[in-house]
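S.K.: Quick one: the structure is below, questions incoming.
The values are calculated or read from the model by the stated rules, or taken from the named source; none is laboratory data. Just so you know, these numbers come straight off a predicted model, no measurement behind them. Ideal geometry is used to build each Cβ from the backbone, glycine not excepted, and the neighbour counts take in all protein chains shown.
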């Protein structure tokens, strides 16, 4: 029943949509989406941890912490991400990392049988390096926007520098910086598509495989085959998680101390509707 | 200040520099346990810098600060702010916006039953019961201010510092808050140093007032002493309106244009400057030097007059508005109290 309706719908659309009547085509693409989401999730986690640490480090009282953090941020945000992915992947190929293989659980995932870094961990590392540098600057700006008094007040109440950062400065900065930070995370998710250059079978790579497969392409009279149709579906697949992320950002922004802001927004809306 | 009380805070010849600028230039101050001392001075005199050095946010270039006899700040030693046990109330309150009133007050306390009881006790003390679940932005300025004070008091600090705590409040609220905060501090029996540029804040709240100018402390005394017996012309300006008269000391009496006045102490014979505050000149109909009202201006509860003696010398005089003297009216004026006398600076 459902497949009939779906098939009829695809027939109405302009273009060549026949292959999307096949269930295995969808599962082929969705596996790619799932891999992209996994790569992004690990990179987000890793880059936020490192990024927050670098932001706090760049504001540290000691220059022996401040300087290395500054060098890290300046270096990694100034290198094209595509180059960084190639660099980490091929660079890691020269290093014998077989000792990593001995680490329980993780070892088998990170390196192959020859002791070389796997493609997927390489992409996660490259994405984390670049994005942590950018996120560090966003978080640092957020911490700097908090009044000095609030941070000093926490110090006077008996919290050390690190405790103050952890329980006052970073939570306040993250809330304030949520829109900027989520924009960056959305960018990170879309940038997982760059992994296709080292043949990681993520979403875009799988899309390309689909429209470059002669069996699908040659049956059509026009040169580009089903390229546009496949890319459209892939684009929609990228859109959904990105939009979910931006919904989360809105929730973060209006939570807690943002109640007044929400009320204010309601007032503006009512005013506009009445006018 | 009774001599039996223990010294809580001692600042000795403290210097704090910003580059080449000496923001605090050799300040010394001693505060005993349970005492409230006001640091009074104009903007830029170094009083806030001194306060921040006590709290641990500025480094000493010279001298030292001791708390309960232990050095907490010197060029060689600097105890981290969170290890000093000093509370600080900020001018802009600096409440944590993401925490409720209770969360703010309990912030410096170990979590648990004790914190709960302490928060409730403090809220009751400040008359803020029922506001515990609110967020800072849902409070009025005066309420935020009391929460800021409570937050600093909660961990029972060894010393409480207050940085211009009333300057963000409108004048009516300011007087009320002054009394409420003073009552809170006394109820907790905390030793406190308050920084202010407002003479009435200092006079109304403090056991003693330390007047500060250009990075040094000129005089530390009770408000009464500072007003009636300032030790220098500069210190006199902090106690109230200043009117200085050229005079000459001869055999224990000061001869001035306002007649022969009794000086405080026994200044040496010779030229001098005598302080006669406008309100120290007492008008009457017949007792004293004959004078005439030149002009008058109402200033709140009192009236400021310009008066001229027969000699032609003019003075400023303030009196209660109920006297209602008119311009041109003939009166008599006299000074009944001992006046402070300062040596004349060599030209």
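S.K.: Which of the helices (runs of 4 or more DSSP H) found entirely inside the range A:13-115 contain at least 3 residues meeting this: touching a residue at least 40 places away in the same chain (Cβ under 8 Å)? Write out each step before concluding.
M.R.: Numbers: elements: A:23-58, A:63-76, A:81-94, A:107-110.
Answer list for the range A:13-115: A:23-58, A:63-76, A:81-94.
Residue-wise test of (1) modelled with pLDDT of 85 or more; (2) more than 21 Å from residue A:232 (Cα to Cα).
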residue	(1), (2)
A:2	no, yes
A:11	no, no
A:34	yes, no
A:41	yes, yes
A:56	yes, yes
A:59	yes, yes
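S.K.: Now for a different question. Away from chain A (no Cβ under 14 Å), within 25 Å of residue B:202 (Cβ to Cβ) and more than 17 Å from the chain's Cα centre (by Cα): which single residue out of B:26, B:34 fits that description? Working first, answer last.
M.R.: Values: B:34 fails: more than 17 Å from the chain's Cα centre (by Cα).
Answer to the check: B:26.
For every residue, the table says whether it meets (1) under 24 Å from residue B:200 (Cβ atoms); (2) loosely packed, with under 14 Cβ neighbours inside 10 Å.
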position: B:238; (1), (2): yes, no
position: B:248; (1), (2): no, no
position: B:259; (1), (2): no, no
position: B:263; (1), (2): no, no
position: B:268; (1), (2): no, yes
position: B:279; (1), (2): yes, no
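S.K.: Looking at (1) under 20 Å from residue B:162 (Cβ atoms); (2) more than 17 Å from the chain's Cα centre (by Cα); (3) surrounded by fewer than 23 Cβ atoms within 10 Å (Cβ to Cβ), which is the only condition residue B:95 fails?
M.R.: Every condition holds for residue B:95 apart from (3).
S.K.: Within the range A:146-166, can one find any residue that is away from chain B (no Cβ under 14 Å) and either assigned to a helix (DSSP H, G or I) or buried (at least 20 other Cβ atoms within 10 Å of the Cβ) (or both)? Break it down into steps so the answer makes sense when it comes.
M.R.: Residues of the range A:146-166 that are away from chain B (no Cβ under 14 Å), as a first pass: none.
No: the range A:146-166 contains no residue that is away from chain B (no Cβ under 14 Å) and either assigned to a helix (DSSP H, G or I) or buried (at least 20 other Cβ atoms within 10 Å of the Cβ) (or both).
S.K.: Here's something else I'd like to know. State all residues of the range B:43-55 that are out of contact with any strand residue (DSSP E or B) (no Cβ under 7 Å at 6 or more places or on another chain) and in a loop (DSSP other than H, G, I, E, B); if no residue qualifies, say none. Spell out the reasoning first.
M.R.: Step one: filter the range B:43-55 for residues out of contact with any strand residue (DSSP E or B) (no Cβ under 7 Å at 6 or more places or on another chain), giving B:43-44, B:52.
Residues satisfying the conditions are B:43, B:44.
S.K.: Going residue by residue through the range A:196-203, is there one that turns out to be buried (at least 22 other Cβ atoms within 10 Å of the Cβ) and within 15 Å of the chain's Cα centre (by Cα)?
M.R.: Residues of the range A:196-203 buried (at least 22 other Cβ atoms within 10 Å of the Cβ): A:200, A:202-203.
Remaining after also requiring within 15 Å of the chain's Cα centre (by Cα): A:202-203.
Yes: one or more hits.
S.K.: Kindly provide the set of residues from the range A:175-207 that are touching a residue at least 40 places away in the same chain (Cβ under 8 Å) and within 14 Å of chain B (Cβ to nearest Cβ), ordered by number.
M.R.: Within the range A:175-207, A:175, A:178 meet the criteria.
S.K.: Can you tell me which of B:77, B:72 is surrounded by fewer than 15 Cβ atoms within 10 Å (Cβ to Cβ) and over 23 Å from residue B:142 (Cα atoms)?
M.R.: Values: B:72 fails: surrounded by fewer than 15 Cβ atoms within 10 Å (Cβ to Cβ).
Matching residue, one of B:77, B:72: B:77.
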